[in-house]
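Before any comments, here is the structure.
The values are calculated or read from the model by the stated rules, or taken from the named source; none is laboratory data. Predicted model only: the values in this text are computed from it and were never measured. We place every Cβ from the backbone using ideal geometry, glycine too, and count neighbours over all the protein chains shown. Heavy atoms of the whole protein, side chains included, go into the accessibility calculation; ligands, DNA and RNA do not. Shrake-Rupley method; radii C 1.70, N 1.55, O 1.52, S 1.80 Å.
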Amino acid sequence: MDEEYDVIVLGTGLTECILSGIMSVNGKKVLHMDRNPYYGGESSSITPLEELYKRFQLLEGPPESMGRGRDWNVDLIPKFLMANGQLVKMLLYTEVTRYLDFKVVEGSFVYKGGKIYKVPSTETEALASNLMGMFEKRRFRKFLVFVANFDENDPKTFEGVDPQTTSMRDVYRKFDLGQDVIDFTGHALALYRTDDYLDQPCLETINRIKLYSESLARYGKSPYLYPLYGLGELPQGFARLSAIYGGTYMLNKPVDDIIMENGKVVGVKSEGEVARCKQLICDPSYIPDRVRKAGQVIRIICILSHPIKNTNDANSCQIIIPQNQVNRKSDIYVCMISYAHNVAAQGKYIAIASTTVETTDPEKEVEPALELLEPIDQKFVAISDLYEPIDDGCESQVFCSCSYDATTHFETTCNDIKDIYKRMAGMAFDFENMKRKQNDVFGEAEQ
C-alpha cells in the first residue's frame, strides 16, 4: 500500500465505483478502499435476509415463511434505471453490461384521489386513460405531439414558446391543461419531486418528458430497467472494470486519516501505512468535517406476499404520489420488485416507499404509500441524512459525492458523477472518455 497513486477512492458506492472505473480506463493509477467488508456502501443490496434483520436490530430474525435467506438481495436505496438515461449510456460505453442482466419494470403508476392509475405516456394510452375526461385527452395529446416534435435547435418547432424564457406554467396554460394533468405530467413524466419547476424556463421539463418517452419507446412496458440480483450489482460491475484496467481494491480497510499538506490532499493513512495520491474521491461518511446536511430522506422497506392492488398483478412497478394529492411539498415514491428479479424468495415482493422528510414525524408522511401496500409482512424503517460537500474540491483536490436523494432513478447521481469528473479533469465530461480502449493491455478477450 505504501505507493504513489494518481487517485485514491474511499467508499464503494455507485458514484465512487463509476468514477474509479472512468479514471482507470483513462490510464490513471487508482487505489480504491472501503472500510466495509462488502461493496456498495449506501447503495448496496443486503444478503442474506438475516443480515437485513440484524442491520435494523430485529434480533428475532426472519420467520420461516420468508423462505431461504440467501434468496434475498434487498436494496437499501430504491432506484430504477431510465432505459434511455445516462446510467444506461455509461453501462453501454464501458461495456459493464456484460456483467449484468436487466429486466424491464412492468409499469409506472400515479396516485390520484386515493386510487392508482397507469401513467399514460403514449397518445394511444392517453386516449384510453381514466385519468382525464375526453376534451382534456385531446388537449393532452396535442401537448405530447408538441413535446415529441420539439427541437431546441429548430425554431419552427417552438409554436410561439421560447425554450429559454417561457415558463412551464405558461406552456401548460397554452395547451389549457387542468391541475390533475399538470400533476402527473410534472411528477410522473418529467419526474420532478416538487413544483418549483413550474416557474423555470420550460426547456429542462420538455427534455425530461422526451427522456421519459424515448426510454418508454425502447422496451414498451415502462421506461425503467432493473438489474437481476439487485442494485448492488452495479457498483460491483464498475469495480470490475476498474480492476481490469489495473485499479487496486481493498475492502475491510479502515481509513485512519486523510493527510493534507498546505491545504491539499497528499495521501491516506490506514493501519500505519500511507498511500500517497494527487486526488481523492470519497462519499460524505469519510469527511464529516467537509460536508453539510442538506435534508433527510425516509425509506421504508416492506416485504409483501402479494403484488400491489390495481397494478394488474405486476411483479415490478413504480408508483408516484404527487405532492399536491397529499398536501405536501415533495412527492412520495414506491419502487416494487420481486422474486422475478432474483431479489426475494419465491412468491415474495419488496416494496420500498420513500420521500424527502418535511416534518418531525417522517413515518406518518409515507402513510399514503403504505396504505397501498397492505397487508405488509415486515417493515424496515430507515431515516438518512442527506449530505453535500461544502466546497468544489478544486483547492484541496478532495472531491466528495452527494448522498443519494429521494428520486427513483439515477439521473441525479449521473449528474453528480459528471460534475465531479469535470472538476477533477478540468474539462467537461464526455461519454467517449468512458469507452474501453481497443487492444488494451488489460482488455478482456471477447466473451
Original post:
So which residues in the stretch 39-72 are under 26 Å from Thr356 (Cβ atoms), open to solvent by 20 Å² or more (accessible area, probe 1.4 Å), among the polar types (S, T, N, Q) and in contact (Cβ under 8 Å) with a residue 12 or more places away in the chain, if there are any at all?
Top reply: Ser45
Original post:
Is it fair to say Pro78 is in contact with a Cys (Cβ under 9 Å, 6 or more places away or on another chain) and not in a strand (DSSP E or B)?
Top reply: yes
**OP:** With the checklist (1) farther than 15 Å from Glu204 by Cα; (2) in contact with a Gly (Cβ under 9 Å, 6 or more places away or on another chain) in hand, flag the one item Met168 doesn't pass.
**Re:** (1)
**OP:** Mind counting the residues in the stretch 73-109 that are farther than 14 Å from Tyr226 by Cα, in contact with a strand residue (DSSP E or B) (Cβ under 7 Å, 6 or more places away or on another chain) and open to solvent by 40 Å² or more (accessible area, probe 1.4 Å)?
**Re:** 0
Original post:
Restricting to strands (runs of 3 or more DSSP E) lying wholly in the stretch 215-264: which have 3 or more residues that are over 25 Å from Leu76 (Cβ atoms) and without any contact (Cβ under 8 Å) to a residue 40 or more places away in the chain?
Top reply: 257-261
Original post:
Hey, does the stretch 158-166 have a residue that's without any contact (Cβ under 8 Å) to a residue 12 or more places away in the chain and part of a helix (DSSP H, G or I)?
Top reply: no
Original post:
Considering only residues of the stretch 26-36 that are under 23 Å from the mean Cα position of the chain (by Cα) and either in a strand (DSSP E or B) or at pLDDT below 95 (or both), which is surrounded by the fewest Cβ atoms within 10 Å (Cβ to Cβ)?
Top reply: Asn36
Original post:
Under 8 Å by Cβ, and 6 or more places apart or on different chains, what pairs join a residue from the stretch 352-366 that is in contact (Cβ under 8 Å) with a residue 60 or more places away in the chain with one that is open to solvent by 70 Å² or more (accessible area, probe 1.4 Å)?
Top reply: Thr356/Arg193; Thr356/Lys329; Val357/Ile383; Pro362/Ile383; Glu365/Thr359
**OP:** Hey, could you check the stretch 299-327 for residues that are crowded, with 20+ Cβ neighbours inside 10 Å and touching a Pro at 6+ places or on another chain (Cβ under 7 Å) and say which is nearest to Ser354 (Cα to Cα)?
**Re:** Arg299
Original post:
What strands (runs of 3 or more DSSP E) lie completely within the stretch 336-447 and have 3 or more residues being open to solvent by less than 20 Å² (accessible area, probe 1.4 Å) and over 30 Å from Asn26 (Cβ atoms)?
Top reply: 349-356
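Search the stretch 186-214 for residues being part of a helix (DSSP H, G or I) and in contact with a Gly (Cβ under 8 Å, 6 or more places away or on another chain), and hand back the single one that is surrounded by the fewest Cβ atoms within 10 Å (Cβ to Cβ).
For the stretch 186-214, the residue satisfying everything is Leu198.
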